[in-house]
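First the structure, in the form of structure tokens, and then the observations on it.
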Amino acid sequence: MNNNLRSRMVSSSSASLAPIRQRTSPNSATGKTISRRQRLRAWKLALSPIWRSQTALGTIAAFSSTFCLVVGGVSMSLELMMNPDAVKWLEPLVPAWSQVPFANRQAPQTLEAIQAQISAQGHLSARPLVLDKLPSPQTNEGLWSYETGILLPVMARCTGASGAEAEGCQKIVQLQLYLQVRSPDLPDDAQVYYQKISELNIDGPAESLAISHLNDSYINGSSQPLPLTQLERFYSKAPNTGIWFQLSGQKTYKGEKITFGKIVHYNYETRYLSEMMQWASPNNQPPGWQEVTGGGHPELIIDRTTGIEPNLSIYQIKPVKFVINPISLEEITLDAPAIKTQGYRDALWLAKTGLWSPAYEMMAYQKQNLESLGNWTATAQAQMDVMRFHAQVSQAQANARWRNPSQQVLMALVDGRWTQALEIYESQLALGNTMNDVLTTDKVDLWDRVEMALRVNPKNIDLQGWGALIIAAQDGEWQAKDWLNQQPAKEEELQRLLNLLEKRSQAIERNQKIKNHRSRIVGNGLILAEINPEQWQPGNGASISLAPGEIWYQIQVIGFHDSVLWQEFPFRDLQLPRYKGSDFLWKHLGLHNDPNLQIIVWMPNGEQQTIATTVKALQFQNGSLKLLAAGKPILGADPTTIALTGALTGNESMSKPLAVSNSALEWRSPQTLTLEQLNQQNPQWVNAIVPVLWYELQLGGEVLPGLQPSPEMMLTQMSDWLVQLVDLTGNDKPEAILTLKPDPTRKYSRPRTLILEDTGVLIYSELTSAKGQSVTGIADVKDGGLTALVVEGSTGYTLQRWSSDRRRFEF
């Protein structure tokens, strides 16, 4: 709602007001005594604003005539004009609203004199509101003229206030309305004078009213009136039935500001200032005028919304039998149905539970049927307009783009969009998001909404689904299933809803695993000289900063466990929610419980260096997942020698950095034998693999081709080769993992690995098929699968396992 007030803050300083246009007299002269005729003329001019009211003139004329008949004529009329104090006894006979300035009415005064008088009474005068072009009825032709006035707030110090709100608090205790007049004694004087025509004593609303609309059942406000400190006039969109003002104040409750006040109206015709109603807004919103029901007549809107449910009170101007101010503000309520049909009653019930959009749709259907029969009324239209007005707010909230899917679902439910909300909910279940915060929220009463909607439409399957989900979240899954079995649904529809409950159970189980999940990550490391923090998303409240002595490491993730399965690069099937996707990924990586990674490097002499690092941020794009970690530098490492790019050419001084979580891999350290020792234990197996090894050495250029020594001679040359026995193929029989020592004649030469099955078949060779790779370790990945080879290649590390179908090790 647009604020249609042009605010003018009340202050204790006075305002300078422009004088009215002077009216010169041809008979006046400076320094000469004013004649009796001029004096009479001045009094008429001074009192003319007061006597212009047609009703007041009629009353005065009637009483003046009676008095003249009693005393014999004209002299009394002159006395009334010349000396009002002499006829003070007439005042009780004149209606109070006529505002005739008899003895208890002051003569016209300057603004300074008025303010001095207020000050003498122990009060303060605030800055007056200037009221230009006040309509004033002419007595002769029934036309309107215009006059200028001021509305002067009278202030007093607040009593009974406490805390910060009491400091310097001044409240409005009275409003005084003045019209601008000429001096009765000096009609040619340029000084501006004011005649009081109305006043209104002000008391603020009780504290109990101000806090009555808060969503807090544990508070009881007192009857103590709260101070009103601000006066404003309604301008744009305000009705033309006089001048409308609002008085307001504020109170802080539990850190939230509550705005409260009163609506004041000035009637042009009777010159009557009256209080129309008091109001309170728990969301600190002022009232405003807006046309809701049509017909060119604006209504007063009080926004009492707390939370996400729209709560707007709409007041219409209604005629009343009160002569001096024949209008009142009357709220359009939904308490009583304007038409006694069941469909109309159902629409009202939906509206009362906050389902404004379904209520309005049902009411529009009712109108179409009833209007054709001539049974539609103005009251029914007003109630329908209230529904429409609330529905527009509810629909705007539901149509907004909410990043939080829980908020999106909740807004859809508030607007009665059961199907749309269920679609979003099911998509979130697939991501492991149970949205229990929606099903158990105290922001709105979802169960009341669902229950009422089912009374109107009991066969709506999506509604039944939401009923079952709410019961499952609040009372348990078995109660939800029992409730579903009592609903009118077909067998296939019931099965769909039972499957929905099962998906929710699976998501809850997954969430519990995520809650306890610790990181199990494997990746390739890279030293970064500098970073751009804007390219990284910090997780778990981590700050992207280095401690003294630390450097940055980038980890290109090649595999991680998500608490259920191992995910391997590229991660193109990884679906992230739009809202807080980085937080979602951070938890699925297990970094919320264990953000520590080890950076492992093998030096040229075979020595292993391990550096502890802490993950600070992540980056996910096009299936590539990178982590940013901080840790101590690698001793003796040159950043240019450990980049992720560049092929292994045999001249590297050290291995590439391998990044692993503490619990990602379980390193295998099988017993190491020489080939000679294995021959002593299993000569048959060694006799089968020696010729295969010799042939592979020839293919790899390690021995001259064509040479075919005896098996005994081959074994003699290979007797010191190192062998480890590990089951890599899952047949419960070990494979022989042979390691060729580095060639001392070659710079940066590395050990090379060959693997043979228990039958003697070669299944892995870094001399030929796997040339350019280097097995740096053997590890269990802790997922129940086969033992993996940790292999360093041209682009980093991979975890390779045996594929029985393809008969090879692969990533």
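All of the numbers you see were taken from the coordinates with simple rules; none came from a lab. Being a predicted model, the structure only gives us computed values, none of them experimental. Because the Cβ atoms are built from the backbone with ideal geometry, glycine has one as well, and the counts that use them run over all protein chains shown.
Do any of Lys171/Lys321; Lys459/Lys513; Lys257/Lys321; Lys321/Lys352; Lys257/Lys352; Lys616/Lys656 go past 29 Å between their Cα atoms, and which? Those over the limit are Lys171/Lys321; Lys459/Lys513; Lys257/Lys321; Lys321/Lys352. Couplings 3J(HN,Hα) for the range 123-130, derived from phi with the Karplus relation 6.51 cos²θ - 1.76 cosθ + 1.60 (θ = phi - 60°), are 10, 10, 9, 8, 5, x, 8, 7 Hz, where x marks Gly and Pro.
Estimated from the Cβ-Cβ distance and a Förster radius of 35 angstrom, the FRET efficiency linking Gln479 and Ala430 is about 0.90.
Quick one: if you take sqrt(5λ) for each eigenvalue of the C-alpha gyration tensor of the range 345-448, what semi-axes come out, biggest first, whole angstrom?
Semi-axis lengths for the range 345-448 are 32, 12, 11 Å.
Within the range 545-582, name every residue whose backbone N is under 15 Å away from a label modeled 7 Å from Cα of Ser663 along the Cβ vector. In the range 545-582, the label zone of Ser663 (backbone N under 15 Å from the point 7 Å along Cα→Cβ) covers 560-566. In a fully extended conformation the segment linking Glu291 and Lys741 would gain 152.9 nm over its present Cα-Cα distance, using 0.36 nm per residue. Take the Cα of Asp780, step 7 Å toward its Cβ, do the same at Thr159, and the gap between the two points is 8.4 nm.
Can you pull the one-decimal nm distance between simple spin-label points at Gln342 and Asn540, each 7 Å off the Cα toward Cβ? Rounded to a tenth, the inter-label distance reads 5.9 nm.
Label separation (Ser719 vs Gln681): 1.9 nm, computed from points 7 Å beyond Cα along the C-beta direction.
About the Cα centre of the range 679-811, how large is the charge dipole given +1 on each Lys and Arg Cβ and -1 on each Asp and Glu Cβ? Please answer in debye to the nearest 20.
Working: 12 positive and 16 negative charges, 86 e Å.
It comes to approximately 420 debye.
Under the 0.36 nm per residue contour assumption, what length would be gained going from the current alpha-carbon distance of Lys513 and Leu334 to full extension? Display every interim value, and only then the final one.
Working: separation 179, 0.36 × 179 = 64.44 nm, distance 4.92 nm.
Extending this stretch completely gives an extra 59.5 nm.
Legend: calculated FRET efficiency, Gln407 to Leu699, from the Cβ-Cβ distance at R0 = 51 Å, rounded to 0.05, equals 0.20.
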